[in-house]
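Student: Sending over a structure as structure tokens; questions will come in a sec.
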Amino acid sequence: MIKLTNIRKTFKVSRRNAGIKNALMAMIKRDHQIIEALADISFNVDDGEMVGYIGPNGAGKSSTIKIMSGILNPDSGECIINGRVPWKDRVNHVKEIGVVFGQRSQLWWDVPVIDSFELLRDIYSVDETTYKNNLSTLTEILGISVILRTPARQLSLGQRMRCEIAASLLHNPRILFLDEPTIGLDAVSKIAVREFIKHINRERQTTVILTTHDMQDIDALTNRILLIGKGRILLDGSLDELKKRYSLKRKITIDGNITQHVAHEGITETERGIYIIDTDKMSISEAVSILTKDIEIRDISVENTSLEEVIVNMYKDYSI
Amino acid sequence: MRKYFSFLRIRFINGLQYRAAAYAGISTQFAFGFMFILMYEAFFRSNISAASMTMPQLATYIWLTQAFLMLFNSWSYDNDIMNMITSGNVAYEMCRPVDIYTMWFVKNVSTRTAKVTLRCLPILIFAVFLPANMRLSLPDSFLTFGLFLISMFIGFMLVISFTMLIYITIFYTISPLGTRIIVTNIVSFLSGELIPLPLYPDSIRKAVELLPFASMHNTPFLIYNGAYKTEEAIFKILMQLFWFLVLVCIGKLWIKRALRRVVVQGG
């Protein structure tokens, strides 16, 4: 059970203009600016939930994850995870969580992955049978058994990320924080990682909170999303609701001998042959009959707005 | 406890891999040892009565300094820890159920012991068989040797508790370079790494001996040399212990503060 109430976190950022003159000035007088990373964040997550935490760059996603994992101290507000305040009881708190920061590595660079795993086993005091079981399940599902004996520095990004995820789960954490776990991965690795996260959530009832910019991640993994922007939670709801709200529009693409522009209420022509239909105002069949009246059609397709577009529209609506 | 031991083990094994560096280190330390001895011999020849140490004592002090340089020097820091703080990877370190101060302390113990294991024996053995005025003399008694070992252990711990303070400053300064250069130079002077402390003018020496740096390698080496009577040696060891506890307390309190205001670099 995760409970955040009115969390606020500011950072002091020093800044100066470019150039030698300004650099010299900065030696005498520094300009600081207080940046509000998190203004007021509150939400609850139940055990076993899988939540997508989304928002544009710099919205405060990673800061929230770092507060929840006990790394950062917020300026004010309350955060209780499994009955503990993460930054006050850090050592006991982190025993029960697993964290993956997609842009950092927790594996020891020069030694084979298996050595890193064994070190983590000792750090978390995982007993031998649990470790063996976890290791065999994790390596099997993530497909990393062949690379366990390779030094981390010689792994590809996709291989390494799979090892990172395995590394964060060796101690059976109850909560898993994933900060952009699929960043920079190819399609195959992405799918492997997603499948695995689903599996873990289903089989072990691990609570998963993941931040991502990849909408397919969200689509494949989570039902609930939290949208953060400018340090506030803007939306907390199910993905389907959101889709319904934002994908009232359909896109029709026509390939054919198009001679004239279509002007009709509910149809917007974005470019020659591509039309956006507002399904609030007219049904798809109506639209098709209007559009095809004067056109000799070679091909026609009707599409949903993609989740990506939904998110872009959402960011626009909340002006973040 | 086991997790810290496991850390010690993996880092120790890791450290043993750098054999080429060890060979290079051994030859450098031989060169420095000889250079220092020849230099002091020249001084001694011009005016032996002014010296507060005999030549054999001085040679012993110098060879011990060279042999255990990796244990006591003020300039080798753990680059992993420094990079971790500057790059922000310290985030992962804080996700581990371990006390960060203890973990970093153990890391330093293991890297330094690994380095010294590879280097000290060839130097010690070779230095024992040098001509009379240049050689490493053996201690007078088992008691002296025992006290030396105890004192060396505490001195080693003291050095690490001091370097811990340097790591903590990086949380505030971001770049480790400045503090490191200044501190390294001052400490190698005050600890007797550059010039053995007994050779300092009396008034300066008395002041320097009160600082924690004199308790680092100066104390064990002088005990080995038989410069102290037994009671004196025990008093010196207690002083080492005192400084060790003081520095550990400062370090622990300070790192707690530093971690509270930690900013993870790079998002």
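Student: Give me the percent of accessible area attributable to carbon and sulfur for the protein assembly as shown, probe 1.4 angstrom.
Tutor: Working: 16240 of 27990 Å².
Solvent-exposed carbon and sulfur of the protein assembly as shown make up 58 percent of the total.
Student: Quickly work out the A:LYS3-to-A:SER238 label distance, labels modelled 7 Å from Cα along the C-beta direction, and quote it in nm with one decimal.
Tutor: A separation of 2.5 nm, rounded to one decimal place.
Student: Could you tell me whether segment A:1-121 comes out rounded, prolate or oblate from its Cα gyration tensor? Rule is a ≥ b ≥ c as square roots of the eigenvalues, rounded for a/c under 1.5, then prolate if a/b exceeds b/c, otherwise oblate.
Tutor: oblate
Student: Quick check on segment B:115-171: what are the equivalent-ellipsoid semi-axes from the Cα gyration tensor, as sqrt(5λ), descending, whole Å? Please list the in-between numbers first.
Tutor: Numbers: eigenvalues 185, 52, 17 Å².
Sorted largest first and rounded, they come to 30, 16, 9 Å.
Student: Hey, can you list the residues from segment A:48-92 whose accessible area shrinks by 40 Å² or more with all protein chains present, relative to the chain by itself (probe 1.4 Å, no ligands or nucleic acids)?
Tutor: By number: A:LYS66, A:ILE71, A:ASN73, A:ARG90.
Student: Excluding residues on the same chain fewer than 8 positions from A:LYS190, give the lysines whose Cα lies under 19 Å from its Cα.
Tutor: By straight Cα distance, A:LYS190 reaches A:LYS198.
Student: In terms of Cα to Cα distance under 28 Å, which lysines are near enough to B:LYS229, apart from those fewer than 8 places away along the same chain?
Tutor: B:LYS229 reaches B:LYS206.
Student: Just to confirm my numbers, what's the Cα centroid distance between segment A:1-45 and segment A:87-107 in Å?
Tutor: Cα centres, segment A:1-45 to segment A:87-107: 23 Å.
Student: Enumerate the whole-percent occupancy of each 5 Å bin, from 0 to the last occupied one, for all C-alpha pair distances of chain B.
Tutor: 1, 6, 12, 16, 18, 16, 13, 8, 5, 3, 1, 0, 0
Student: Now for a different question. Counting only protein heavy atoms and rolling a 1.4 Å probe, how much accessible area do B and A lose on contact, total for both sides, in Å² to 100?
Tutor: It comes to approximately 2500 Å² buried between B and A.
Student: Return the tail of the calculated pair distribution for the protein assembly as shown, meaning the percent of Cα-Cα pairs more than 33 Å apart. Show your work: numbers first, answer last.
Tutor: Details: 99557 of 171991 pairs.
The answer is 58 percent, as a whole percent.
Student: Starting from segment A:224-305, pick out the GluC sites (Glu not before Pro) whose DSSP state is loop and whose Cβ has at most 10 other Cβ atoms within 10 Å.
Tutor: Listed in order of number, the matching sites are A:GLU265.
Student: Semi-axes of the equivalent ellipsoid for segment B:28-68, please: Cα gyration tensor eigenvalues, times 5, square-rooted, ordered largest first, whole Å.
Tutor: Here the semi-axes work out to 20, 11, 5 Å.
Student: Counting only DSSP beta bridges with both residues in the protein assembly as shown, tell me the antiparallel percent, nearest 5.
Tutor: 70 percent
Student: What Kirkwood hydrodynamic radius do you get for segment A:80-159 when you take the inverse of the mean 1/r over all pairs of distinct Cα atoms, in Å?
Tutor: Computed over Cα pairs of segment A:80-159, the Kirkwood hydrodynamic radius comes out at 14.3 Å.
Student: Would you mind checking the pairs A:LYS9/A:LYS244; A:LYS66/A:LYS230; A:LYS3/A:LYS88 and listing those with alpha carbons more than 24 angstrom apart?
Tutor: Table pairs above 24 Å Cα-Cα are A:LYS9/A:LYS244.
Student: Could you pull out every residue, at least 5 positions away or on a different chain, whose amide H is within less than 5 Å of the one on A:ALA37? Hs are placed 1.01 Å off N in the peptide plane, and Pro or chain starts have none.
Tutor: A:LYS9, A:THR10, A:PHE11
Student: Excluding same-chain residues fewer than 8 positions from A:LYS243, which lysines have a Cα within less than 17 Å of its Cα?
Tutor: A:LYS251, A:LYS316
Student: From the convex hull of the Cα coordinates of segment A:194-247, what is the mean projected area in square nanometres?
Tutor: The orientation-averaged projected area of the Cα hull of segment A:194-247 comes to 4.2 nm².
Student: Could you give the accessible area per residue of the protein assembly as shown, probe 1.4 Å, as a whole number in Å²?
Tutor: Value returned for the protein assembly as shown: 48 Å² of accessible area per residue.
Student: In Å and from the alpha-carbon atoms only, list the Rg and Dmax of chain A.
Tutor: When restricted to Cα atoms, chain A yields Rg and Dmax of 24.4, 74 Å.
Student: Which whole-number percent of Cα pairs in segment B:178-267 have a distance greater than 24 Å?
Tutor: The answer is 34 percent, as a whole percent.
Student: Amide H neighbours of A:GLY229 under 5 Å, counting only residues 5+ apart in sequence or on other chains, H built in-plane at 1.01 Å?
Tutor: Amide H neighbours of A:GLY229: A:LEU234.
Student: Can you classify segment A:102-223 as rounded, prolate or oblate using the Cα gyration tensor, where a ≥ b ≥ c are the square roots of its eigenvalues, rounded means a/c under 1.5, and otherwise it's prolate if a/b beats b/c and oblate if not?
Tutor: Numbers: a/c = 1.80, a/b = 1.24, b/c = 1.45.
Taking the square roots of the gyration eigenvalues as a ≥ b ≥ c, segment A:102-223 is oblate.
Student: A further question follows. Using DSSP, restrict attention to beta bridges with both residues in chain A and report what percent are antiparallel, rounded to the nearest 5.
Tutor: In chain A, DSSP labels about 70 percent of beta bridges as antiparallel.
Student: Let me ask another. What net charge is computed for the residues neighbouring A:GLY184, neighbours being all others with C-beta under 14 Å from the C-beta of A:GLY184, Lys and Arg scored +1, Asp and Glu -1?
Tutor: Combined, the nearby Lys, Arg, Asp and Glu give -2.
The values are calculated or read from the model by the stated rules, or taken from the named source; none is laboratory data. For clarity, every value in this text was computed on a predicted model and none was experimentally measured. Neighbour counts run over all protein chains shown; Cβ positions are idealised from the backbone, glycine included. Areas reflect the complete protein model, heavy atoms only, side chains present, ligands, DNA and RNA absent. Shrake-Rupley method; radii C 1.70, N 1.55, O 1.52, S 1.80 Å.
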